[in-house]
Each structure stands twice: as C-alpha cells, then as structure tokens.
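The values are calculated or read from the model by the stated rules, or taken from the named source; none is laboratory data. Nothing here was measured: the structure is a model prediction, and the numbers come from that model. Note that we place each Cβ from the backbone using ideal geometry, even for glycine, and neighbour counts take in every protein chain shown.
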Amino acid sequence: MNVKHKINRRLLDKVADIATMAGQEILNLHDNLDLSVDYKQDGSPLTLADLRSHEVIQSSLQELTPDIPILSEESLEEIHNQRLNWSTLWMVDPLDGTKDFLAGKKGFTVNIALIQDSRPVLGVVYAPAYNLLHFGAHGIGAFCATPGYRPRPIQTRDLRKRGLVMVASRSHWNANLHRFRCSVLPRFPKVKTVYIGSSLKICLVAEGVADVYPRFGPTSEWDTAAAHCVLEVAGGKMQDVDGNPLEYNKLDILNPWFFASGSSEVNWGEFNTI
C-alpha cells in the first residue's frame with residue numbers, strides 16, 4: 001500500500017484533537033478507579049484505559065483518513081502480520097506508560113504518528129494528567145500547548161550555553177545508564193538528571209528543557225514514533241548507538257538502543273560504554 005497523504009496544519013490539529021479525546025477517556029477511567037489489569041503475552045499490563053483509548057483513536061483516524069491503515073499496540077495480530085506491506089500508516093500507542101498510570105503517576109501519554117517510507121512525518125503526544133500537548137509535522141513546525149490555548153513553537157536548545165540535562169525513567173535506570181552518565185562527566189562536569197515516564201522524555205528534549213535521553217533498554221516503535229517526529233522538527237535527532245537514524249515499520253518492531261538529543265555538535269555514541 002503506497003497511499004501518501006498531504007501533510008498540513010488542519011491534519012495536524014485534527015490528530016491533536018483525537019489524542020486529546022483519547023486522553024480524556026483515560027482520565028475518566030482513572031477517576032472512576034476502574035483499574036482492573038490483564039497481562040499480555042510479553043508480561044506488559046493491559047487495562048480498560050488502553051482499550052478505550054485505542055477504540056477512540058481507531059474509529060477517529062478511520063473517519064479522518066480512511067485510506068491509511070492503522071497499527072496500534074493494541075491492534076489484532078492479523079494487523080501486525082499485514083503491516084510490512086504498508087509504506088504509509090498511522091502508528092499508535094493508546095497509553096504509553098501504563099505502569100505509571102497504574103501507580104498513580106502523571107507521566108503517561110497518548111502517542112499518534114504518521115509514518116511514510118519508514119520515517120515519522122507527523123507526531124502528536126498528549127499527556128492527559130498534565131493536559132499538555134507536544135505536536136509537530138515536517139514542513140509545519142513543532143509546538144507545545146494546553147488544549148484550547150494558543151500553541152507555542154518549540155525547538156531544541158544549544159548545549160554549549162548550559163550544563164548538561166539528561167532525562168531518564170527511574171523504573172528503567174540501570175548499570176548501562178550509570179556508566180554513560182559517568183562517561184560524560186569529564187566533558188560535562190555539571191550533569192543534572194530529570195526523571196519522567198513515557199515519551200515525555202523525548203518531548204523534554206524537543207522543548208529545550210533537556211539535552212539528551214539515552215535509552216539502553218527495550219522500546220517498541222509506537223513508544224517513540226510520535227515524539228521522534230516532534231523532536232526532529234524541533235531541531236533534534238534520534239539515532240542508534242552507532243549514529244544511524246531510527247526507522248519505523250521494520251521487520252522487528254523493537255527499537256535499537258538509542259540517543260534522543262537536541263545538540264547536533266555532540267556525537268553521543270562516543271560516550272557509549274556498553
């Protein structure tokens with residue numbers, strides 16, 4: 001399937017509205033304490049909130065762009081078997097950070113990305129508990145907004161003017177991240193680590209709040225695609241530890257280990273001690 005869809009501000013705003021609607025479904029279930037949990041084959045949790053968000057996004061995207069197929073984390077297995085035939089698709093994580101959601105933390109998101117020829121060209125990340133949108137598209141720009149208010153443009157920051165800020169998840173901190181942090185200290189003696197969940201880590205880099213997000217652990221493509229687009233449009237990049245850009249709708253849906261960064265003059269792979 002080789003359908004290409006015109007990328008414009010109307011499409012971007014419509015997808016932002018869809019992510020916001022899905023996020024409100026998640027919050028409604030959380031407020032009603034409907035937190036029953038099942039577990040998928042890989043051991044990851046699955047809640048009614050995941051499924052309700054998936055249903056809202058699925059039906060809304062089908063109405064908005066009926067010619068573009070949808071790959072969601074919660075899609076049926078038959079969809080996952082078909083996806084390699086698609087050069088254009090929506091890639092969706094209806095609830096990124098389910099563990100944070102269940103723990104009562106705020107760092108969970110709704111992620112929606114449009115993929116064309118293995119590249120994310122439009123991305124929306126909505127954090128319901130913060131009522132915060134990060135969204136962007138190539139040729140249009142990257143933005144941050146509270147729904148209902150005027151968006152503000154965002155861009156990555158110049159690392160040379162500040163101390164280094166690294167983002168990570170407390171639940172995924174490991175020896176590899178510790179070694180990476182130690183390896184950058186000779187060049188950046190002042191290193192601050194900010195802890196937050198889900199794809200918000202990438203969004204903080206896109207917004208110029210942080211400089212680098214090293215990820216030395218498993219993630220799936222739907223975890224990163226939307227925020228990757230926002231970051232790239234804001235002036236940043238996502239590369240594997242060898243400096244190759246991340247690609248999407250690969251044979252293996254898992255991402256390689258990567259760096260999300262906003263500074264083009266630093267080769268973060270030089271500090272990779274894995």
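Overview of values
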read-out: Candidate set from the stretch 44-68 (those that are outside any helix (DSSP H, G or I) and surrounded by fewer than 19 Cβ atoms within 10 Å (Cβ to Cβ)); member that is modelled with the lowest pLDDT; value: Pro45
read-out: Within the stretch 72-102, considering residues that are in a loop (DSSP other than H, G, I, E, B) and touching a helix residue (DSSP H, G or I) at 6+ places or on another chain (Cβ under 9 Å), the one surrounded by the most Cβ atoms within 10 Å (Cβ to Cβ); value: Gly97
read-out: Some residue of the stretch 99-106 being over 16 Å from the mean Cα position of the chain (by Cα) and among the basic types (Lys, Arg); value: yes
read-out: Residue in the stretch 111-132 that is among the aromatic types (Phe, Trp, Tyr), in contact (Cβ under 8 Å) with a residue 40 or more places away in the chain and part of a strand (DSSP E or B) present; value: yes
read-out: Test: Asn131 is farther than 22 Å from Lys6 by Cβ, in contact with a Ser or Thr (Cβ under 7 Å, 6 or more places away or on another chain) and among the polar types (S, T, N, Q); value: yes
read-out: Filtered residues of the stretch 151-175 (kept if in a loop (DSSP other than H, G, I, E, B) and either surrounded by 14 or more Cβ atoms within 10 Å (Cβ to Cβ) or not basic (Lys, Arg) (or both)); value: Pro151, Ile154, Gln155, Thr156, Arg157, Asp158, Gly163, Ser169, Trp173, Asn174
read-out: Every residue from the stretch 219-245 that is assigned to a loop (DSSP other than H, G, I, E, B) and touching a Ser or Thr at 6+ places or on another chain (Cβ under 7 Å); value: Ala234, Gly235, Gly236
read-out: Subset of the stretch 246-274 [part of a loop (DSSP other than H, G, I, E, B), closer than 24 Å to Glu207 by Cβ and of a type in the set (Ser, Thr, Tyr)]; value: Tyr248, Ser263, Ser264
read-out: Candidates Ser59, Ser118 - the one that is among the hydroxyl-bearing types (Ser, Thr, Tyr), within 20 Å of Val233 (Cβ to Cβ) and not assigned by TED's automatic domain parsing to the domain that holds Val230; value: Ser118
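Residue-wise test of (1) surrounded by fewer than 16 Cβ atoms within 10 Å (Cβ to Cβ); (2) part of a loop (DSSP other than H, G, I, E, B).
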{"residue": "Gly148", "(1), (2)": "yes, yes"}
{"residue": "Leu177", "(1), (2)": "no, no"}
{"residue": "Arg181", "(1), (2)": "no, no"}
{"residue": "Ala210", "(1), (2)": "no, yes"}
